[in-house]
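These notes concern the structure reproduced below.
The values are calculated or read from the model by the stated rules, or taken from the named source; none is laboratory data. Since we're looking at a predicted model, the values are computed, not measured. Note that each Cβ is placed from the backbone with ideal geometry, even for glycine, and that neighbours are counted across all protein chains shown.
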Amino acid sequence: MKRVRINAGKVGLVFKKGDYVRVLTKGVHWMGWNCNVKVYDLSQPINVMPIAIEVLLEDEKLKAMLHVVEVKDNELVVVTKNDRYNQVLTTGRYVFWKGFVTYEFTVVDLDKIYITEKINKALFSNYELNKHIRVFEVAAYEKAVLLVDDVFVKTLGGGTYRFWKNDTTIKIAKVDMRQLRLEVAGQELLTKDKAAIRINFDTLYKVVNIEKAVLENKDFEKQLYVALQLALRTYVGTYTLDELLENKTEIAKAVFEDTKTAATKLGVSIIDCGIRDVILTGEMKDIMNQVLVAQKKAQANVISRREETASTRSLLNTAKLMEENEMLYKLKEMEFVETIASKIGEITVSGNGGMVTQLKDIFAVRS
């Protein structure tokens, strides 16, 4: 007989000539010399079995001491050990000891896509688990449509979405739900009077129906661009260049009204639009500059003639007042003398006749 001690946290399996005999727990045990004992740590899973597990499970005492986990082809099992993540089990059979360590086994059905199992979200970043998960990010300002096997399922708001990996196809189409700007730039057009111009047109819009925008229309932004472009071309062609420059706001309003219905069909709401730039071609720019210079010269001439007329009228009024008022005439004489005196060194006049008359005679003689 030989003596065998099994320490706490250990367990022994007794074999005789290769056949399983019994299980030994903590304590001192006696057995024959032709028996051997294989000792296992209760805190560790049984990675290699000495014989088929089916043989061991025939012992009810040993069976009660084991967790036998069967993982099918379409399953995963998430193992927690003493309430902490331990490992992920894929297809196969796994054996764990009971009692000394508390195990929990969460079975995942990979035939479905939604993660409904009670799994701590912090574990999703673990590589062993993460490689079995598909992750989609939708920003706070976005919405997305979820397509499963190319069939619309629902609309997703902002957040992180995880699905199990399998043969099911999952797609999401995201759309920015903020106010957006669309520029119809560099449109080369002809006005009613055949002037070649280039127009930059800006539009503010917002997606209001993501299902209609994404599922019912292909490239809804391009379609909105074309609708605005066509409406703009239609209205510009009905105005002369001068009318176009004067009525930019009215044209923008007309384009807005014309494209509003088309935008609604695209799931979009147009908020505002307007002509940002009207750019003339090189030749047309020279012509317009010449017209502008001519207009400004004409305006300057009109102003000059108006000032001359006003000056003449003022002189006439002054002359009439001097004719009717002798004192005013004398004051004007003094002003006249003062002006002449500031420019001439010396002038001699006699007491005969008025001063203004004598000065007139002097200048007449000199001339």
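Where residues in the range 19-43 are in a loop (DSSP other than H, G, I, E, B) and touching a residue at least 24 places away in the same chain (Cβ under 8 Å), which of them is nearest to the chain's Cα centre (by Cα)?
Filtering the range 19-43 for residues that are in a loop (DSSP other than H, G, I, E, B) and touching a residue at least 24 places away in the same chain (Cβ under 8 Å), the one nearest to the chain's Cα centre (by Cα) comes out as 43.
Each row is one residue, and each column tells you yes or no for (1) touching a strand residue (DSSP E or B) at 6+ places or on another chain (Cβ under 8 Å); (2) among the aromatic types (Phe, Trp, Tyr); (3) buried (at least 16 other Cβ atoms within 10 Å of the Cβ); (4) closer than 30 Å to residue 86 by Cβ.
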site: 1; (1), (2), (3), (4): yes, no, no, no
site: 5; (1), (2), (3), (4): yes, no, no, yes
site: 9; (1), (2), (3), (4): yes, no, no, yes
site: 23; (1), (2), (3), (4): yes, no, yes, yes
site: 27; (1), (2), (3), (4): yes, no, no, yes
site: 32; (1), (2), (3), (4): yes, no, no, no
site: 47; (1), (2), (3), (4): no, no, no, yes
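Per-residue answers, yes or no, for (1) at pLDDT 75 or above; (2) not assigned by TED's automatic domain parsing to the domain that holds residue 208:
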position: 262; (1), (2): yes, no
position: 265; (1), (2): yes, no
position: 272; (1), (2): yes, no
position: 276; (1), (2): yes, no
position: 286; (1), (2): no, yes
position: 292; (1), (2): no, yes
position: 296; (1), (2): no, yes
position: 300; (1), (2): no, yes
position: 305; (1), (2): yes, yes
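Select, from 173, 144, 140, 213, the only residue that is in contact with a Gly (Cβ under 6 Å, 6 or more places away or on another chain), small (Gly, Ala, Ser) and over 28 Å from residue 276 (Cα atoms).
Criteria check complete, one pass: 140.
For the range 124-139, check the following and say yes or no: at least one residue is under 16 Å from residue 211 (Cα atoms) and under 27 Å from the mean Cα position of the chain (by Cα).
yes
Quick one: which of 98, 154, 118, 171 is closer than 30 Å to residue 11 by Cα, of a type outside the set (A, V, I, L, M, F, W, C) and out of contact with any Lys or Arg (no Cβ under 9 Å at 6 or more places or on another chain)?
Values: 154 fails: closer than 30 Å to residue 11 by Cα; 118 fails: closer than 30 Å to residue 11 by Cα; 171 fails: closer than 30 Å to residue 11 by Cα.
Exactly one residue qualifies, and that residue is 98.
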